[in-house]
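First up is the structure itself, then whatever we jot down about it.
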Amino acid sequence: MTDIARLTGRPVISATGLFTPEDSISNEELVASFNEYVRRHNEANAEAIATGEIEPLTESSVEFIEKASGIKARHVMAKVPVLDPEIMAPRWPQRSNDELSILAEIGVKAARQALERAGRKAEDVDAVLCAASNMERPYPAMAIEIQQELGIDGFGFDMNVACSSATFGIQTAADYIRAGNAKSVLVVSPEITSGHLNWRDRDSHFIFGDVATAVLVEDSGIAPKEHWDILGTKLKTVFSNNIRNNFGFLNRAYPDEAGGPDKLFVQEGRKVFKEVVPMVAQMIVDEAARLEIDPAGLRRLWLHQANTGMNRLIAHRVLGHEASEDESPTVLDTYGNTSSAGSIIAFHLHSEDLAEGDTGLICSFGAGYSAGTVFVRRAG
Ligand code: COA
C-alpha cells in the first residue's frame, strides 16, 4: 500500500532489466551463410544471368560490415533457420492462444529483472507499456499479456515509435507520474528484430539483433534509495521514407502474389546517416540548454546503437570533443542494432559505476524519423 502523501509527481528510473538470447551469430557465420545463398542463387539462375536478364547477386564481406557499422555479432532467438541459406528467417513452433507469446515471454524476463533490482512487487505496479518497433500481433496488446503474466492490476497498451519506442515510452510513463495518474510504470521493449530484417539483402542483412529491455519509471516518493532522477524528457518526429517497413494487414500479399521485400525493413542508409546525425545532435544541445545543463559536462551518453560512426559524430557535437568509450559506451559490437532497446542496453550495462550527482543522457533515434532524449541524474 502506498501512502499517497509520499508521492511527489517527480519521475525517476528505479531500475532496468535486460534479457539477452543465448544464441549469437558472428559476422563470419553470417557472411558464410549469405555467400552460400548468393552462390546457390547465381547457380540456379546461371542462364538468366548469362543472357543479362538478371544481375548476379554479389557477396557480402566481414570487413565491410565491421568497418561500415561497427557490428561484430548479434544475438538472435533462432540461429539455425536464420543461417540456413534455404530459409534465412527466424522460425519457431506456432504457439497456441493459451501459451505465452514469444514477445511477451522475453518482455516478462526483462521486466522481472527490473522489478527484482528495484525490490518492487508486481502488484505495486500500475501500468505496463510495451514499447517496441515490431509487435507480434495487433491485439490483444502485448502489454496486457505481459501485465497478466506478471500479475499487475492496472492497465497496459502497446506503442510503436520504431527505434525510439523506449524513450517515447519513458516520457509517456514519466507523464503519468507527473500527472499523478500512476506511481509505478513498466516500460518493456521486446525487440525480435530478426523477424523484420531481410537476411537476403546484402545492404542490410548484418544490421539487427534480438533482445528485450525493461525500464521501471516511478514516482520519486516510492523509489528505492538508489535511482536515477529524470531531469527532463523531449520527443521529436519528422516524416521520412528513408527507413520503412510496409508490412501490415491492409498491405499484405494476397495468396497468389509474392510477398515483396518492402514488407520487411528497408532503408536508405546513407541518407539516414546524413539527416539524422545533425537533427539529433541539435535536439540534444537544445534540450540541454532548456534544462540548463552544460552538454560538455555530461558524464555519459547512452546513445541509440545503430552505427558507431553516427554515435561518434553525435557525441562529438554534444561533448565538443571525441568521446571515449567511457563517455559513450558501445554495445552495438556484440548486440547489433536492437532498435529501441539499444540505448537502454547501454544504460543497463554501463551505469552502475557513475557517482551520485553524475548527469547523463539516454537518447534514441530512428525510423519516422523519431528521436527521444531522457536526461538523468544519479541519486542515492
Ligand atoms: N558487404 C560488402 N560490401 C557491401 C555490403 C556488404 N554487405 N553492403 C554494401 N556494400 C558495398 C556497396 O555495394 C557499396 O559499394 P560501391 O561503393 O562499390 O557502390 C559500398 O559498400 C558502400 O555502400 P553503402 O550502402 O553506401 O554503405 P555505407 O557506408 O553507407 O554503410 C550502413 C551502410 C547501413 C551501415 C550505413 O549507411 C548506416 O549505418 N546508416 C545509418 C543506418 C541507421 O542508423 N539506420 C537506422 C536503422 S533503425
Note to self: Please check: in the Gaussian network model of the chain (C-alpha springs, under 10 Å), which one of THR51, THR330, THR193 has the largest mean-square fluctuation.
What the structure shows: THR51
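Quick one: divide the alpha-carbon radius of gyration of segment 1-105 by 2.2 N^0.38 Å and tell me what you get. Could the numbers behind the result be given before it?
Values: Rg = 22.7 Å, N = 105, 2.2 N^0.38 = 12.9 Å.
My calculation over the Cα atoms of segment 1-105 gives 1.76.
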Next item on the list: Give me the Kirkwood hydrodynamic radius of segment 259-307, using the inverse of the mean 1/r over all pairs of distinct Cα atoms, in Å to one decimal.
Entry: 13.4 Å
Notebook entry, point to check: Using alpha carbon centroids, what distance separates segment 88-140 and segment 259-322, in Å?
Noted result: 28 Å
Check: Under unit Cβ charges (Lys, Arg +1; Asp, Glu -1), what dipole magnitude, rounded to 20 debye, does the chain have relative to its Cα centre?
Finding: 880 debye
Checklist line | Spin-label model distance (nm) - LYS271 vs ASP326, 7 Å beyond Cα toward Cβ | finding: 4.1 nm
Check: In a GNM of the chain with a 10 Å cut-off on Cα contacts, which of PRO138, PRO85, PRO190 has the highest mean-square fluctuation?
Finding: PRO138
Notebook entry, point to check: Taking the chain as a Gaussian network, where each spring joins two C-alpha atoms under 10 Å apart, which residue of THR58, THR213, THR308 fluctuates the most?
Noted result: THR58
Notebook entry, point to check: Using r as the Cβ-Cβ distance of VAL80 and ALA296, and R0 as 35 Å, what FRET efficiency do you calculate, to the nearest 0.05?
Noted result: 0.15
Check: Each residue of segment 299-305 in order: what ³J(HN,Hα) in whole Hz does its phi give by Karplus 6.51 cos²θ - 1.76 cosθ + 1.60, θ = phi - 60°, with x for Gly and Pro?
Finding: 6, 7, 10, 9, 8, 3, 10
Check: For the chain, what is the calculated [θ] at 222 nm in deg cm²/dmol (nearest 500), taking -39500 (n - 2.57) for each run of four or more DSSP H residues and dividing by its residue count?
Finding: -10000 deg cm²/dmol
Check: Ordered by residue, what ³J(HN,Hα) values in Hz, to whole numbers, does segment 278-290 give under the Karplus form 6.51 cos²θ - 1.76 cosθ + 1.60, where θ = phi - 60° and Gly and Pro are x?
Finding: x, 4, 6, 4, 5, 4, 5, 5, 5, 5, 4, 4, 4
Check: Once amide H atoms are built 1.01 Å from N in the peptide plane, which residues 5 or more positions from ASN337, or in another chain, come under 5 Å H to H?
Finding: PHE208, GLY209
Next item on the list: Please give the contour-minus-distance gain from ASP286 to ARG137: 0.36 nm per residue of separation, less the Cα-Cα distance, rounded to one decimal in nm.
Entry: 49.9 nm
Margin query: At 4 °C and a viscosity of 1.567 mPa s, what translational diffusion coefficient does Stokes-Einstein give for segment 1-56, taking Rh as the Kirkwood radius over Cα pairs? Give it in µm²/s as a whole number.
Written below: 76 µm²/s
Check: In the chain, with Lys and Arg counted as +1 and Asp and Glu as -1 at Cβ, which of these residues, VAL280, ALA44, CYS130, has the Cα nearest the positive end of the dipole, that is, farthest along it?
Finding: VAL280
Checklist line | Among ILE144, VAL217, VAL82 the positive-end extreme of the charge dipole of the chain (Cβ point charges) | finding: VAL217
Notebook entry, point to check: Excluding same-chain residues fewer than 8 positions from LYS271, which lysines have a Cα within less than 30 Å of its Cα?
Noted result: LYS67, LYS72, LYS234, LYS236, LYS263
Margin query: Between segment 51-78 and segment 147-172, what is the separation of their alpha carbon centroids in Å?
Written below: 33 Å
Item checked: Whole-Hz couplings from phi, Karplus 6.51/-1.76/1.60, listed for segment 154-166; x for Gly and Pro -> x, 9, x, 7, 8, 9, 10, 10, 6, 5, 9, 3, 5
Notebook entry, point to check: Residue farthest toward the positive end of the dipole of segment 296-380, with Cβ of Lys/Arg at +1 and Asp/Glu at -1: which of THR330, HIS348, TYR369?
Noted result: TYR369
Item checked: Residues with amide H under 5 Å from that of MET159, placed H, sequence gap 5 or more -> CYS130, ALA131, ALA132
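Quick one: putting +1 on the C-beta of Lys and Arg, -1 on the C-beta of Asp and Glu, what dipole do you get for segment 157-296 around its Cα centre, in Debye to the nearest 20? Working shown, then result.
Numbers: 14 positive and 19 negative charges, 53 e Å.
With only Lys, Arg, Asp and Glu charged at Cβ, the dipole is about 260 debye.
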Next item on the list: Of the DSSP beta bridges with both residues in the chain, give the percent that are antiparallel, rounding to the nearest 5.
Entry: 75 percent
Notebook entry, point to check: Å³ per residue of the Cα convex hull, for segment 44-181?
Noted result: 190 Å³
Notebook entry, point to check: Taking the chain as the region of interest, what is the percent of Cα-Cα pairs per 20 angstrom bin, listed from the shortest bin to the one with the maximum distance?
Noted result: 29, 56, 14, 1
Check: Around SER24, which amide H atoms from residues at least 5 apart in sequence, or from another chain, sit under 5 Å from its own amide H, with H modelled in the peptide plane?
Finding: VAL76
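Quick note: the coordinates plus some simple rules give every number you see, no bench work behind them. Source: prediction; values computed, not measured. Neighbour counts run over all protein chains shown; Cβ positions are idealised from the backbone, glycine included.
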